[in-house]
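The values are calculated or read from the model by the stated rules, or taken from the named source; none is laboratory data. Here the structure is a predicted model, which is why all the values come from computation and not from measurement. Using ideal geometry, Cβ is built from the backbone for each residue, glycine included, and neighbour counts are taken over all protein chains shown. Side chains are part of the model used for accessible areas, which takes the heavy atoms of the whole protein and leaves out ligands, DNA and RNA. Shrake-Rupley method; radii C 1.70, N 1.55, O 1.52, S 1.80 Å.
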Amino acid sequence: MAPKLLSSTNFKSLFNSVDTFLFDCDGVIWKGDTLIDGVSHTLDLLRSKGKNIVFVTNNSMKSRRQYAEKFRSLGLTSVTQDEIFSSSFAAAMYLKANNFPKDKKVYVIGGEGILEELQLAGFTGLGGPEDGEKKAQWKSNSLFQHDKTVGAVVVGLDPNINYYKLQYGTLCVRENRGCLFIATNRDAVGHMTDLQEWPGAGCMVAAMCGSTEREPIVVGKPATFMMDFLIQKFGTETSRMCMVGDRLDTDVLFGQNAGCKTLLVLSGCTSESNLLDENNKIEPDYYTSMVSDITKLMDSP
């Protein structure tokens, strides 16, 4: 069935069938450090109508605490840390859920967000931003040393990725017995600034796939790992949830995989022509231009 343009005739049916709205962040709530018009009023309106609101982001650069600070800096003061589910948090929770040994370390190709969430979960993280300035030396008869107690490598968005980090992560995965290779997500691009898209975590993950000849365990969207935490927190059936996002291959597919209703907004990575292209196989239930359209439709007769 072709996706429906959200309208005054079908909005009420969607709204009444949903208890919890799940929102992606980049391209939906903000672009870079700029809040998208009308978002604040729309979130307040949904809360006033008794709807649960959750933010599910694949961007692993920040921890939940850091994301809460970003929401506040943009004027969204009602958002709490407990409403934020980031892929950095998902990586730490995956290790915890699978009884990752506390005496093993985790090497991070990514940002501070992953390291902070690992620490909060009781794990020891290595790497991250502090390895951004290090260089791998190609010298005769030299051996690149790595920690043999690393039991997992987590790869996320990393604007300071370099050859040193790739070598370190590759050696851990290939040489440390049983070492896990975890990707926060495989997004191709993302709205790191308000003016344009930038390479996403997918290119960092692809580099590691090439050097390790392994496929990662993906914990972010479209994988449904985080959904178990959402169900436990809100006690809502997935059929009573709606995933609102700007990407077909992550947000919409995540919602579909979990059994949620799906709403695509065209304020981010996906254009209407991309959505309606005959070659596109991922179709949301509904689509609209931006989140604030919810407010307009709510006020319509």
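Here is how the numbers come out for the structure above:
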{"quantity": "Of residues in segment 47-75 being open to solvent by 50 Å² or more (accessible area, probe 1.4 Å) and assigned to a helix (DSSP H, G or I), the one farthest from Ser87 (Cα to Cα)", "calculated": "Ser48"}
{"quantity": "Every residue from segment 275-288 that is open to solvent by 60 Å² or more (accessible area, probe 1.4 Å) and under 23 Å from Gly38 (Cβ atoms)", "calculated": "Asp285"}
{"quantity": "Index of the failed condition, Leu171 passing every other in (1) surrounded by 19 or more Cβ atoms within 10 Å (Cβ to Cβ); (2) modelled with pLDDT under 95; (3) touching a His at 6+ places or on another chain (Cβ under 9 Å)", "calculated": "(2)"}
{"quantity": "Single residue of segment 112-127 satisfying the filter (touching a residue at least 40 places away in the same chain (Cβ under 8 Å) and surrounded by fewer than 24 Cβ atoms within 10 Å (Cβ to Cβ)) that is farthest from the chain's Cα centre (by Cα)", "calculated": "Leu120"}
{"quantity": "Unique residue being under 24 Å from the mean Cα position of the chain (by Cα), at pLDDT 95 or above and either under 20 Å from Arg214 (Cβ atoms) or open to solvent by 30 Å² or more (accessible area, probe 1.4 Å) (or both) when the list is Asp158, Asp131, Asp103, Asp147", "calculated": "Asp158"}
{"quantity": "Boolean, Ser271 is surrounded by fewer than 21 Cβ atoms within 10 Å (Cβ to Cβ), free of Cβ contacts under 8 Å to residues at least 12 places away in the same chain and out of contact with any strand residue (DSSP E or B) (no Cβ under 6 Å at 6 or more places or on another chain)", "calculated": "yes"}
{"quantity": "In segment 252-267, the residues that are in a loop (DSSP other than H, G, I, E, B) and open to solvent by 20 Å² or more (accessible area, probe 1.4 Å)", "calculated": "Gly259, Leu266"}
{"quantity": "Qualifying residue in segment 206-223 (condition: closer than 21 Å to Asp44 by Cα, at pLDDT 95 or above, assigned to a strand (DSSP E or B) and not charged (D, E, K, R))", "calculated": "no"}
{"quantity": "Close pairs (9 angstrom Cβ cut-off, 6 or more residues apart or separate chains): over 16 Å from Val155 (Cα atoms) and among the aromatic types (Phe, Trp, Tyr) in segment 211-236, open to solvent by less than 50 Å² (accessible area, probe 1.4 Å) and in a loop (DSSP other than H, G, I, E, B) anywhere", "calculated": "Phe225/Val219"}
{"quantity": "Count of segment 132-158 residues which are in contact (Cβ under 8 Å) with a residue 40 or more places away in the chain and of a type outside the set (Ser, Thr, Tyr)", "calculated": "10"}
{"quantity": "Residues of segment 188-203 that turn out to be open to solvent by less than 20 Å² (accessible area, probe 1.4 Å) and not in a helix (DSSP H, G or I), as a count", "calculated": "3"}
{"quantity": "Matching entry among Asp44, Asp37 (being at pLDDT 95 or above, assigned to a loop (DSSP other than H, G, I, E, B) and not hydroxyl-bearing (Ser, Thr, Tyr))", "calculated": "Asp37"}
{"quantity": "Subset of segment 83-100 that is open to solvent by 10 Å² or more (accessible area, probe 1.4 Å) and within 18 Å of Asp24 (Cβ to Cβ) - its residue that is nearest to the chain's Cα centre (by Cα)", "calculated": "Phe85"}
